[in-house]
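Q: Can you read through this structure? Questions will come right after.
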Amino acid sequence: EDAEKLTCHTSQFQLNISKNAVRFQFLDSNGEVINEDEKGLGSSWIGEQVTTYKKLQEGERFIGLGEKTGHLDRKGSSYLNWNTDAYGYHSGTDPLYCSMPFYIGIHQNHIYGIFLDNSHKTFFNFGASNNRFASFSADAGEMNYYFISGKSVADILQSYTHLTGRMELPPQWSIGYQQCRYSYYPDKEITTLARTFREKDIPADVIVLDIHYMEKYKIFTWDNKHFSNPKAMIDEIKAMGFHVVIMCDPGIKIEEGYEPYDDGVKQEVFIKYQDGENYAGQVWPGWCHFPDFTNPKTRAWWASKFKDYVNLGVEGFWNDMNEIATWGHALPENLVFDFEGNKSTTRRGRNLFGFQMARSTYEGTKALMKGKRPFNLTRSGFSGVQRYSAVWTGDNVSYDEHMMLGVRLVNSLGLTGVAFAGYDVGGFVGDANTKLFARWISIGALSPFFRGHTMINTRDSEPWSYGEEVEQISRNYIKFRYQLLPYLYSLFSQASKTGMPVQRSLAIDYTFDSKVYEHLYEHQYLFGPFILVAPVESTKDLVKVYLPKGEWYYLFDGKKYNGDQEIIVDCPIHKLPVFIKSGAVLPMQHAKSNTQEKTREISLHVYHGVDDTSFNYFEDDGNSFEYQKGNYNSREIKYLPQERKLIIAKAEGTYSSPLTSLKVIFHHHVNDTLFINGVEKKLVDKTHSFFSPLEKYDPINDPESMGHENVKWTETNYNSERIEITW
């Protein structure tokens, strides 16, 4: 400290705080500016509203803010955080259902993050209508923000999720295909749906029940006419390998004799006006009260109501209408929220309602399920909601622009810590056509959360509803996802440890490549570290794809492309442009009808590259929390091309893998002999392309055939201490 300023040093950066006027400046170890207050503006108040103004740096970009429409680079735009029921939103609608007041700034080889820890209505301006500043504001409350420095976007995300929390592993069945409709009823339609998936050989794990399973839309009830014996129905489809996910709305109908209402009034768990009267708003059941989830007593009360669901065998829960959504869309701002005894109003509580509902549902069902992992999904949320729930992007619309928007939204949610996210495949509002559904399901198969869904009074939207051609395309892409489950589940494990998203905007790995921010390429993403997906509208048969630096192999024929170039790719409706990164290590399996079918053999696909790569392959029982006690099997797989080595490290953890056979398939390697732990082995050569989804689907059922110029080797003792392969 001196007369002019305070100086704080960390291992990452230096912070200078000038005293008159108070301004913050963050410098790197070389004294270069990472981020700084705008000297003439700093932080200031207009009434209760507080704003911090940051100087725009030369060439600065901004990414993040979670569930926001618009472009990947948010420079020149402004946004509002105020959770809203945005039915049928369009590509410029703001706000939507979630608020994640966190963004990442990028300029001149510098990367930083800022998280505004304030749940009031907030505003972000990234040089919109000015060329002087970027700013973030809150309508009330403290100017309380976290500055995060790092060497990469991945570093920033790891620090941000260390602060706001990371997901626990979801049940493995929840990352399979889920089928939903508003609504499936009666119960015979549910069982018929399950049988049809099995008869048509289309993998699926979940059937979702929307609001018509309830008696007159009242939560914690069943419609006795259409679901006279829910236990028998759930047991029947469980025997076919299906789990049930049920809709959970927060509105408690005002109706004497309805137990949740009577008990809620007695326990005083509902949101109140300032004079103590319970707030009432209209939603699906009619006039309702709403639980105050900021009160720990309410969260315990809400949890207790799930006991009957859990006893029936329900293991998945879908939190909807939790913005709070009410008819009229004008939630009074004078409602009182408990906030753990530190009472406040709607102004502070609205953006947190969905987050706290998701928390209450997750914590409650987790306790009731006695060691099993519940699946939890929410429409509304706030920063940190990833601790408790997956997020889907709400009531989207059946047209190409919305399909592409959904990709951008999930990419952006990944940039704010939400690793388990997705959209309604086929679109919720309106009728998808055959080409749109086919394209959408191919993209959805390579997203973290994979659910087909549509609303009432629309055409049927199951994979077989669009004719034989689309059924075949759907079957193949869904099967491809199930082949990828060993890879995908390992990505979820990584997300739970580091916060790294499953679906990764190219801005994470190619931060300073200006091409990835161009509107033509901003939809592209990496599915994990090795699979590049180039989403494209259903109306196009050709698409321009940007391949970042490196080497890339086209999924369908193994053709190699050099990176740092734009290419034109055929994209008929049965071929989504997908590329594999050189040096990729992809654990795969034979397609299963559901995740409960155990895998005894995996195929490890190794793509020729020049740089060292690694992948951490993770297994556990897929259903319990025992992995948190060390009961897992994790093996680091290192590809060292300069040394001509593939090393599968000794397993960590106490879980005994059910695998009995490991096949290693080398792509674009030409040797015909190799050594396994010093013992010479002959390779089996197999050469053909991966798959064409319009053809008979034997190749897609045969993961070892994936690629070009393949050579394979089988190791039957997967549980050996360490495997070293040289060639």
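The values are calculated or read from the model by the stated rules, or taken from the named source; none is laboratory data. Since the model is a prediction, treat every value here as computed from it, not as a measurement. Neighbour counts are summed over all protein chains in view; Cβ atoms, including those assigned to glycine, are modelled from backbone coordinates with ideal geometry. The accessibility values were calculated without ligands, DNA or RNA, using every heavy atom of the protein model including side chains. Shrake-Rupley method; radii C 1.70, N 1.55, O 1.52, S 1.80 Å.
Q: For residue 55, indicate whether it is at negative phi and crowded, with 21+ Cβ neighbours inside 10 Å.
A: no
Q: Tell me yes or no: at least one residue of region 364-387 is surrounded by 24 or more Cβ atoms within 10 Å (Cβ to Cβ) and within 10 Å of the chain's Cα centre (by Cα).
A: Within region 364-387 (the criterion being surrounded by 24 or more Cβ atoms within 10 Å (Cβ to Cβ) and within 10 Å of the chain's Cα centre (by Cα)), the answer is yes, since at least one residue qualifies.
Q: Six or more apart or on different chains, Cβ atoms under 7 Å: show the pairs whose first residue is in region 217-246 and on the phi > 0 side of the Ramachandran plot and whose second is open to solvent by 30 Å² or more (accessible area, probe 1.4 Å) and hydrophobic (A, V, I, L, M, F, W, C).
A: 217/284
Q: On to the next question. Could we say that residue 181 is open to solvent by 20 Å² or more (accessible area, probe 1.4 Å), farther than 28 Å from residue 430 by Cβ, basic (Lys, Arg) and at pLDDT 95 or above here?
A: No, not satisfied.
Q: What residue, among those in region 122-175 that are of a type in the set (Asp, Glu) and over 13 Å from residue 104 (Cα atoms), is most open to solvent (accessible area, probe 1.4 Å)?
A: Ranking the candidates gives 142 first.
Q: A further question follows. Only one of 84, 51 is in contact (Cβ under 8 Å) with a residue 60 or more places away in the chain, among the polar types (S, T, N, Q) and under 19 Å from residue 115 (Cα atoms). Can you tell me which?
A: The conditions single out 51.
Q: Then there is this: When residue 80 is evaluated against the numbered criteria (1) touching a strand residue (DSSP E or B) at 6+ places or on another chain (Cβ under 7 Å); (2) at pLDDT 95 or above; (3) not basic (Lys, Arg); (4) not in a strand (DSSP E or B), which criterion, by number, is the only one it fails?
A: (4)
Q: Of the residues in region 333-346, how many are acidic (Asp, Glu) and open to solvent by 60 Å² or more (accessible area, probe 1.4 Å)?
A: 2
Q: Return only the number of the condition from (1) surrounded by 15 or more Cβ atoms within 10 Å (Cβ to Cβ); (2) assigned to a helix (DSSP H, G or I); (3) not charged (D, E, K, R) that residue 294 does not satisfy.
A: (2)
Q: Go through 163, 169 for me and flag whichever is within 24 Å of the chain's Cα centre (by Cα), under 30 Å from residue 208 (Cα atoms) and either modelled with pLDDT of 95 or more or not in a strand (DSSP E or B) (or both).
A: That would be 169, the only listed residue that is within 24 Å of the chain's Cα centre (by Cα), under 30 Å from residue 208 (Cα atoms) and either modelled with pLDDT of 95 or more or not in a strand (DSSP E or B) (or both).
Q: Hey, among the residues in region 431-444 that are open to solvent by 10 Å² or more (accessible area, probe 1.4 Å) and touching a helix residue (DSSP H, G or I) at 6+ places or on another chain (Cβ under 9 Å), which one's nearest to residue 517 (Cα to Cα)?
A: The residue in question is 435.
Q: Which one is least open to solvent (accessible area, probe 1.4 Å) among residues in region 463-485 that are assigned to a loop (DSSP other than H, G, I, E, B) and in contact with a helix residue (DSSP H, G or I) (Cβ under 7 Å, 6 or more places away or on another chain)?
A: My answer is 463.
Q: Output yes when any residue across region 669-680 is at negative phi, open to solvent by 60 Å² or more (accessible area, probe 1.4 Å) and in a loop (DSSP other than H, G, I, E, B), and no when none is.
A: Scanning region 669-680 turns up at least one residue that is at negative phi, open to solvent by 60 Å² or more (accessible area, probe 1.4 Å) and in a loop (DSSP other than H, G, I, E, B).
Q: Which one of these does residue 289 not meet: (1) open to solvent by 10 Å² or more (accessible area, probe 1.4 Å); (2) touching a residue at least 40 places away in the same chain (Cβ under 8 Å); (3) not charged (D, E, K, R)?
A: (2)
Q: Separate question: Test of understanding: among 546, 517, which residue is closer than 24 Å to residue 609 by Cα and open to solvent by less than 40 Å² (accessible area, probe 1.4 Å)?
A: Step by step, each of 546, 517 is checked, and only 546 is closer than 24 Å to residue 609 by Cα and open to solvent by less than 40 Å² (accessible area, probe 1.4 Å).
Q: Still on this structure: Test each condition in (1) in a helix (DSSP H, G or I); (2) more than 26 Å from residue 8 (Cβ to Cβ) for residue 158 and report the one that comes out false.
A: (2)
Q: Find the strands (runs of 3 or more DSSP E) located wholly in region 520-562 whose residues include 2 or more that are in contact (Cβ under 8 Å) with a residue 40 or more places away in the chain and at negative phi, and list them.
A: Counting at least 2 such residues, we get 525-527, 531-533, 551-554.
Q: Look through region 621-654, keep the residues that are in a loop (DSSP other than H, G, I, E, B) and in contact with a strand residue (DSSP E or B) (Cβ under 7 Å, 6 or more places away or on another chain), and return whichever of them is surrounded by the fewest Cβ atoms within 10 Å (Cβ to Cβ).
A: Selected residue: 644.
Q: Given the options 470, 502, 543, name the one that is hydrophobic (A, V, I, L, M, F, W, C) and under 30 Å from residue 160 (Cβ atoms).
A: 502
Q: Next question, about the same structure. For region 104-132, give me the residue count where each residue is among the small types (Gly, Ala, Ser) and assigned to a loop (DSSP other than H, G, I, E, B).
A: Result for region 104-132: 4.
Q: In addition: On the basis of being open to solvent by 60 Å² or more (accessible area, probe 1.4 Å), closer than 30 Å to residue 242 by Cα and not in a strand (DSSP E or B), does residue 330 make the cut?
A: So residue 330 does not fit the description; no.
Q: Moving on to the next point. If residue 26 passes every condition in (1) open to solvent by less than 40 Å² (accessible area, probe 1.4 Å); (2) touching a Leu at 6+ places or on another chain (Cβ under 9 Å); (3) outside any strand (DSSP E or B) but one, which one does it miss?
A: (3)
Q: Looking at 410, 418, 391, which one is within 16 Å of residue 501 (Cβ to Cβ), assigned to a loop (DSSP other than H, G, I, E, B) and either modelled with pLDDT of 95 or more or open to solvent by less than 10 Å² (accessible area, probe 1.4 Å) (or both)?
A: 418
Q: Same structure again: Condition check: modelled with pLDDT of 95 or more, crowded, with 24+ Cβ neighbours inside 10 Å and either more than 14 Å from the chain's Cα centre (by Cα) or aromatic (Phe, Trp, Tyr) (or both). Does residue 354 satisfy that?
A: Judged against the criteria, residue 354 is a match.
Q: Just the residues that are under 16 Å from residue 304 (Cα atoms) and open to solvent by 50 Å² or more (accessible area, probe 1.4 Å), please, taken from region 256-277.
A: Across region 256-277, the qualifying residues are 259, 262, 265, 266, 267, 268.
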